[in-house]
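Structure record follows, encoded as structure tokens.
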Amino acid sequence: MTAATRQASTTTAATLAARPEHSPESPLSIHAMTVAYHRKPVLWDVDYDAPSNQLIAIVGPNGAGKSTLIKACLGLVPRASGQVEFWGLSYRQARSRIGYVPQRESVDWDFPVSALDVVCMGRYRMIGWCRPVSRRHRQAALACLDRVGMRDYAHRQISQLSGGQQQRVFLARALAQEADLYFMDEPFAGVDAATERAIVDVLRDLRETGKTVVVVHHDLQTVPEYFDHVILLNMRVVAAGPVEAVFTNDNLHKTYGGRLTLLSEAAEAIARAAKGEG
Amino acid sequence: MISIPFNIGLDLFPMLAAVLAAASCGVLGNFLVLRRLSLMGDAISHSVLPGLVIAFLLTQARSPVVMFGGAALAGVATVVLVELVKKLGRVEPGAAMGVVFSLLFALGVLLIEQAAVRHVDLDADCVLHGQLETLAWYSAPATWGELVSWQTLDAVPRQVVVLAVTCALAIAFVVVLFKELRIAAFDPGLATAQGYSATLLHYLLMVFVAAATVAAFEAVGSILVIAMLICPAATARLLTDRLRTQVVLSVVLAVMSGVGGYIAASAVPAALGKDSVNAAGSIALVAGLLLVVAIVASPSHGLVTKMLRQRALSRRVALDDLIAALYRAAEVGTSDPTRQQPQPQPRPQPRPQPRPPTQTFRTPRGGGTPRRAARLAVRRGLVRQGDGGGLILTESGRELAAALVRRHRLWERYLVDRAGLPPDHVHETAELLEHLKPSPADGPTTDPHGRPIP
């Protein structure tokens, strides 16, 4: 797989930079990406350029391919076609500048490690092979735990944390990576109010320090409050752009209510026909 | 009295081989157990057999290097095949491993039969329980003092040397790549994203498991290998919540099982007047027994600890309920509880007054009965026996009870006002929540039933 991806990424570097619609300054450019599970397409022909230094929400109904979009960008699920670039570079080249917060259920929380151990894992790239975690990196990890309000829990085994606290540990781990572009998969799912506030504070902090964050989000109510940019997704990109321009009733209806509209139109047609007869 | 028969010539090298095999498998087993791949050890230890036979058939040599090469290749082939079966057959990992290793083992047995390589003592029997007895040292010195000489090194059998090297390499592998193995086991996606290929680490681990298996295999057999890949790691996991400690403990436990099991194999049957049993089997049994002991008696995860904790909790709940009931009884009896006098008629047990309608002594599990709670309360000076035989709260008991009743009524207030429950539905919930410790210093002064909040 490695040779193939390397080859693919060098060729994409040439092609995408040549395309006028994609700018090499964008932290994330997706071109004509299609993803399929077991030959069934989940994402169709996604085209997107993320603006720099913004909080971006990916919104859409269940099964719309929100998590898949993130995973396909990071190469965690194979792409059937299309290209993804980060600042005009392939994922392999840009990897050190990209942080990822997976869904909480993606790991075994009974694993015998402490919260601090988990956050330190975010710094392994800087530490390198075969070398122990030094004091400096442990201090940095502690500072990240502090930013999410979890310093007091640093030495707890992770199964003894609540769901929200576990989510914050994941967030701290991403912060420890010191990336420029973050992907977060449903960080707000099933968390308590304190965690939600902590996450929002961290997101704003990240934006202030010039980072870009792409978040899979499920709560439509809070989109305008928390985010600058939004991608409305339902197997394809229905609309994408600044929240105030794109996050409209009309677009939401298209994203969530496609089938519903068709059914209600059919129901109206039947009602009309019945009235015409009667 | 069990005597410990230890004969340097007969026992030194077999025991050393057993301990080294146990330690190498024990240390690697941690990462199999954590990745929920315990069966992979089973799979590899069986499927190295065809690897060994094919390596022998191709080279007609039995050098350790050739054997290790064959075993390592077989180990990697097992992992690849398991992945393939999982992906193409769309079955769960356990099923994939089961299919692959039983097929490969069968292939190995057939190859041995067909290729008539029996004369090189590679048969299916010795695969299962090893041949520790072949390690006996017939020209051994009689005393420990004479062991310290260069001749001893010459006498060390090949298997023990191979096991010693394997054990050292396995421990070095885990120590040097501890951080990498940990992240790959916990979160393979992150490991790969951080530049530590989880796939590479996975295969490395499997190569080491295969090497440990083939080194252990000839001397101690695959039963011991399988037991040692799982039992010490699983036992150590129950004793600690830190991976570093777990790895160290697993090696200690493996060595303990090795020594203990080896000695028990001859000592226990001798004490019963029987012939000694297979040492590998006995070692595996000891490892299993250690696991059982940890399941029952581990200080953090053991059944006994859990039971004790539950008992302590149910005792506290019963005590809380008792003094709260006394407080309420006193409250109903007079508006000023400090002037409460013992009731004129003797009461064997304090009966809850009709007002708190559902206040009863339910008997929680684990011995928290009202009678015991009453004895405990008297012992702690929360309650004293009144003149008529009833129970009366002491000053400190009343303080504690007031705090409890306060928490109970605050919760009722909260459940009605904030959670919107009807007043007749909140008592049960408040009854559970009142045992939680903190309560705010100020708040409402009456509960939803109109009673004062102390």
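If you check B:ALA198, B:ALA170, B:ALA236, B:ALA184 for being facing chain A (nearest Cβ under 10 Å) and either among the small types (Gly, Ala, Ser) or within 22 Å of the chain's Cα centre (by Cα) (or both), only one passes: B:ALA236. Number of residues in the stretch A:119-128 that are in contact with a Gly (Cβ under 8 Å, 6 or more places away or on another chain) and more than 7 Å from chain B (Cβ to nearest Cβ): the value is 1.
Among residues of the stretch B:138-156 that are touching a residue at least 24 places away in the same chain (Cβ under 8 Å) and assigned to a helix (DSSP H, G or I), none has a Cβ under 9 angstrom from a residue that is of a type in the set (A, V, I, L, M, F, W, C) and open to solvent by 90 Å² or more (accessible area, probe 1.4 Å) at a sequence gap of 6+ or on a separate chain. Among the residues making up the stretch A:139-171, a single one is of a type in the set (Ser, Thr, Tyr) and within 13 Å of another protein chain (Cβ to nearest Cβ): A:SER159.
I'm checking my understanding of the structure. Among residues of the stretch A:93-113 that are more than 22 Å from A:GLN165 (Cβ to Cβ) and at the interface with another protein chain (Cβ under 9 Å from one of its Cβ atoms), which one is least open to solvent (accessible area, probe 1.4 Å)? That would be A:ILE98. The set of residues from the stretch B:139-155 being small (Gly, Ala, Ser), under 14 Å from B:PHE13 (Cβ atoms) and surrounded by 10 or more Cβ atoms within 10 Å (Cβ to Cβ) comprises B:ALA140, B:ALA155.
Being farther than 24 Å from B:LYS179 by Cα, at pLDDT 90 or above and either more than 8 Å from chain B (Cβ to nearest Cβ) or buried (at least 23 other Cβ atoms within 10 Å of the Cβ) (or both) is a property that does not hold for A:LEU116.
One residue stands out in the stretch A:129-138 among those that are part of a helix (DSSP H, G or I) and open to solvent by 30 Å² or more (accessible area, probe 1.4 Å): the one that is nearest to the other protein chains (Cβ to nearest Cβ), namely A:ARG138. Yes or no: the stretch B:264-271 includes at least one residue that is buried (at least 24 other Cβ atoms within 10 Å of the Cβ), out of contact with any His (no Cβ under 6 Å at 6 or more places or on another chain) and at pLDDT below 95. Within the stretch B:264-271 (the criterion being buried (at least 24 other Cβ atoms within 10 Å of the Cβ), out of contact with any His (no Cβ under 6 Å at 6 or more places or on another chain) and at pLDDT below 95), the answer is yes, since at least one residue qualifies. Scanning the stretch A:167-189 for residues that are closer than 14 Å to A:ARG207 by Cβ and over 12 Å from the mean Cα position of the chain (by Cα), we see that the one that is most open to solvent (accessible area, probe 1.4 Å) is A:ASP180. Among the residues of the stretch A:24-59, those identified as in contact (Cβ under 8 Å) with a residue 12 or more places away in the chain, over 16 Å from the mean Cα position of the chain (by Cα) and open to solvent by 60 Å² or more (accessible area, probe 1.4 Å) are A:PRO24, A:GLU25, A:TYR37, A:TRP44, A:ASP45.
The set of residues in the stretch A:139-166 being closer than 10 Å to A:LEU116 by Cα, assigned to a helix (DSSP H, G or I), in contact (Cβ under 8 Å) with a residue 12 or more places away in the chain and open to solvent by 60 Å² or more (accessible area, probe 1.4 Å) consists of A:TYR153 alone. Exactly one residue out of B:LEU415, B:LEU404, B:LEU400 is in contact with a Ser or Thr (Cβ under 8 Å, 6 or more places away or on another chain), within 21 Å of B:GLY443 (Cβ to Cβ) and open to solvent by less than 80 Å² (accessible area, probe 1.4 Å): that is B:LEU415. Of the set (1) more than 14 Å from chain B (Cβ to nearest Cβ); (2) buried (at least 16 other Cβ atoms within 10 Å of the Cβ); (3) modelled with pLDDT under 90, all apply to A:GLY75 but (1).
Exactly one residue out of A:ASP152, A:ASP180, A:ASP117 is acidic (Asp, Glu) and under 25 Å from A:GLU208 (Cα atoms): that is A:ASP180. Among residues of the stretch A:1-47 being more than 23 Å from A:PHE183 (Cα to Cα) and among the basic types (Lys, Arg), the one that is modelled with the lowest pLDDT is A:ARG19.
The values are calculated or read from the model by the stated rules, or taken from the named source; none is laboratory data. Every value quoted in this text rests on a predicted model; they were computed, and no experiment measured them. FYI the Cβ positions are ideal-geometry reconstructions off the backbone, even for glycines, and counts take in every protein chain you see. Ligands, DNA and RNA are excluded from the accessible area calculation, which covers all protein heavy atoms including side chains. Shrake-Rupley method; radii C 1.70, N 1.55, O 1.52, S 1.80 Å.
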